[in-house]
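Taking it in order: structure first as structure tokens, then the write-up.
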Amino acid sequence: MCARQAKPHFEALTASELYCPRCGTAQPVRERLLLVLPRGELHEYRCAVCGDSLATRETQSAAPPGLIGRPRH
Ligand SMILES: [Zn+2]
């Protein structure tokens with residue numbers, strides 16, 4: 001018996017589709033790097049159809065090796 005999982009309607013963590021107000025429906029999105037921040041990167045999700053910016057996501061990068069030690073006050 002093969003228990004095949006149904007495809008979820010939405011994916012919370014890694015969004016592959018987002019609702020696009022301009023298109024009026026959920027569309028596949030393209031992720032692009034928007035900004036490089038000191039603590040991570042800011043990614044932007046754009047509608048693959050009309051190119052409208054739908055969401056942004058900030059990723060936390062691993063702490064640089066030089067910043068692991070806690071500064072003492
Ligand atoms: Zn769109």
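Details
- Taken over region 41-59, the criterion of being open to solvent by 70 Å² or more (accessible area, probe 1.4 Å) and outside any strand (DSSP E or B) is satisfied by VAL49 alone.
- Those residues of region 27-40 which are among the β-branched types (Val, Ile, Thr), in contact (Cβ under 8 Å) with a residue 12 or more places away in the chain and open to solvent by 80 Å² or more (accessible area, probe 1.4 Å), in sequence order: none
The values are calculated or read from the model by the stated rules, or taken from the named source; none is laboratory data. Predicted, not measured: the structure shown is a model, and the values here were computed from it. As a convention, Cβ positions derive from the backbone with ideal geometry for all residues, glycine included, and neighbour counts pool all protein chains shown. Side chains are part of the model used for accessible areas, which takes the heavy atoms of the whole protein and leaves out ligands, DNA and RNA. Shrake-Rupley method; radii C 1.70, N 1.55, O 1.52, S 1.80 Å.
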